[in-house]
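Note sheet for the following structure.
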């Protein structure tokens, strides 16, 4: 597998036989937990994945969004985690489920971005879904801080 295909498929997650986007989001969630524990690490990782994903998709000359291209799900899931202050089970669960629902249902601006073509559009619908998710998760955290800020995973 070429480097560009490896990046676009998020290390091969896109080749998962059932729901590759959901699988990639779950793997991204697991990788995102330690990134969430370090200041600025998650934001830096999002930028790197967005740039690498756009480059790989553009290099492969992909205009639509084939199911095996899941680097956009990784970036979007990580953006969704920005609504959390720490890694808690309720927060991670909410960030995962809400992101997947928005990514599949494609409401409003998510759907608009999905109808566009090209590398930026392929990345954009998931980034927008992640940003909306981050806002919803943040609002849930503000309403129920005891549930969402109960630290489950602590940094060393």
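Rounded to the nearest 10 degrees, the angle from helix 119-143 to the longest Cα principal axis of the chain is 10 degrees. Counting only alpha carbon atoms, the long axis of helix 41-59 and the longest principal axis of the chain meet at about 10°.
Going from the residue with the fewest nearby Cβ atoms within 10 Å to the one with the most, 62, 132 rank 62, 132. Panel order for 122, 136, 127, by other beta carbons found within 10 Å of each beta carbon, from fewest to most: 136, 127, 122. The stretch 82-134 and the stretch 59-77 have Cα centres separated by 14 Å. Across the chain, the mean sequence separation of Cα contacts (distance under 8 Å, 6 or more residues apart), normalised by length, yields a relative contact order of 28 percent. This ranking places 112, 68 by how few other beta-carbon atoms lie within 10 Å of each, fewest first, which gives 112, 68.
Every number in this text was worked out from the coordinates using simple rules, so none of it is lab data. Source: prediction; values computed, not measured. Note: ideal-geometry Cβ built from the backbone for every residue, glycine included; neighbour counts use all protein chains shown.
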